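Visitor: The structure is given below, and queries will be raised subsequently.
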Amino acid sequence: MTFLRSLNCLFYTIICFYNIGDYYIFANKSKVNIMAWYIHNKNKQPLAQQSKKELFIKCKKCHSHIYYKEWFNNLNVCPNCNYHGSITSHERIHLLFDHDTFQELFANISPVDSLGFNDLKGRYADKIEATKTKTGINEAVITGVGKMNGINVVMAIMDFRFLGGSLGSATGEKILRASNYAYENHIPYIIISASGGARMQEGTLSLMQMAKTCAGISRLNQKHIPFISVLTNPTTGGVTASYAMMGDINIAEPGALIGFAGRRVIEQTIGQKLPEDFQTAEYLLKHGFIDSIVNRKDLKEFLSNMLNYYNR
Ligand SMILES: [Zn+2]
C-alpha cells in the first residue's frame, strides 16, 4: 500500500505528456489522477477532443512545446527556430489567394488503378478510397485559378497527406491541364510542390508524368508566361527531377528537404559521407540550384512582387 501511495504521489507531482501523433497534451496535476491517466492513455482520442485548450505541438526541430493556437497563428511555423511544419493544400490556398477568389479547376480528375496493383498492405484501389475519405481531397494536387494581391494566377498546390504527395497519372494530368489553362488564358503559373516522388503503385505510367508535365510547362515559354516553382518540405524523387526544378524562378521554404535520391542511397553509391545540410533548401541555395528561400509568411508578397516585375 505504501508503495502504491508513493506511486500515486509521484503521478500527482509530475507533469504528464501524452503523445498523440504530432500533438502533445499537457495535463497538470489538478486535472488528472491515476485512473484517469490510465483510461486516457488506453484511449487517447477522447482526451484530445476534451482538452483542445491544452493542446500543444512539439516542434520537430527544436523540440519545444508550442501552444497550438500560437503554432496555428504563426502558419504552422515554430516561433522559436523558424521550423516550417507541414500545411495542407487548403491552408495554402487560404494563405496565398485573396479572399474568395480561388476557383478550383479539374476537381473531377482522380486516381485510377490501371494496373490492378496489390501489395502486402492491400489493393491500391482501396488505398485511394481510404485516403480520399481521410483527407477530403481526391488527388495529391489541387489546381485552380484566383487572384493573389489582385494578380490572376493559376496554381497547382500539392498535398503531402495524399499518398505522400506522390506523382500519379491523375496528379500529372491535373498539373498539365492547369498549365494548358495558364497557356490558353495567358496567366502566370505557380506550382507548390510537396512530394515523395513518383507513385510506385502506377509503375511506368507514373514516370511518364514527368515528361508530360515538363512538356506542358515548357510550352508557357512560347507566350512568355512566367512559371514559378515553390519547393516545400519535402520535394523529392521524380517531382524534383521534373517540373519542380523547371521554374523561371525556383524558390523554397526554409529548411525544406529537396533532392532526388535519398541521402543513404547516395552515400552507399559514392562511398562518402555527405555534409550535414545536404539536400536542404539552404544547401541548394548556396550551390545555385534555387534562387531564393522565402519564409511562409512572406510567400504571397514575394510571389506577387515577382509577377509584377514580369508584367512590367
Ligand atoms: Zn522549433
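The values are calculated or read from the model by the stated rules, or taken from the named source; none is laboratory data. Here the structure is a predicted model, which means the values were calculated and not measured. Using ideal geometry, Cβ is built from the backbone for each residue, glycine included, and neighbour counts are taken over all protein chains shown.
Visitor: From THR143, THR133, which residue is part of a strand (DSSP E or B), modelled with pLDDT of 95 or more and assigned by TED's automatic domain parsing to the domain that holds ILE228?
Guide: Only one candidate passes the filter, namely THR143.
Visitor: Please go through (1) on the phi < 0 side of the Ramachandran plot; (2) in contact with a Phe, Trp or Tyr (Cβ under 9 Å, 6 or more places away or on another chain) for ILE109 and return the number of the only condition it doesn't satisfy.
Guide: Going through (1) on the phi < 0 side of the Ramachandran plot; (2) in contact with a Phe, Trp or Tyr (Cβ under 9 Å, 6 or more places away or on another chain) one by one, ILE109 breaks only (2).
Visitor: Name the single residue, out of those in the range 107-154 being in contact with a strand residue (DSSP E or B) (Cβ under 7 Å, 6 or more places away or on another chain) and of a type in the set (Gly, Ala, Ser), that is surrounded by the fewest Cβ atoms within 10 Å (Cβ to Cβ).
Guide: GLY146
Visitor: Moving on. Taking the range 63-103 as the search range and keeping residues that are loosely packed, with under 14 Cβ neighbours inside 10 Å and part of a loop (DSSP other than H, G, I, E, B), which one is farthest from the ligand (Cβ to nearest atom)?
Guide: ASP100
Visitor: If you don't mind, another one. Condition test on ALA178, is it in contact (Cβ under 8 Å) with a residue 60 or more places away in the chain, closer than 24 Å to ASN221 by Cβ and crowded, with 18+ Cβ neighbours inside 10 Å?
Guide: Numbers: in contact (Cβ under 8 Å) with a residue 60 or more places away in the chain: yes; closer than 24 Å to ASN221 by Cβ: yes; crowded, with 18+ Cβ neighbours inside 10 Å: yes.
For ALA178, the condition - in contact (Cβ under 8 Å) with a residue 60 or more places away in the chain, closer than 24 Å to ASN221 by Cβ and crowded, with 18+ Cβ neighbours inside 10 Å - is met.
Visitor: Given the conditions (1) over 23 Å from ILE87 (Cβ atoms); (2) among the basic types (Lys, Arg); (3) not in a loop (DSSP other than H, G, I, E, B), and given that LYS297 satisfies all but one, which numbered condition is not satisfied?
Guide: (1)
Visitor: Filter the helices (runs of 4 or more DSSP H) completely within the range 188-277 down to those with at least 3 residues that are surrounded by fewer than 21 Cβ atoms within 10 Å (Cβ to Cβ) and of a type outside the set (A, V, I, L, M).
Guide: Answer list for the range 188-277: 203-218, 263-270.
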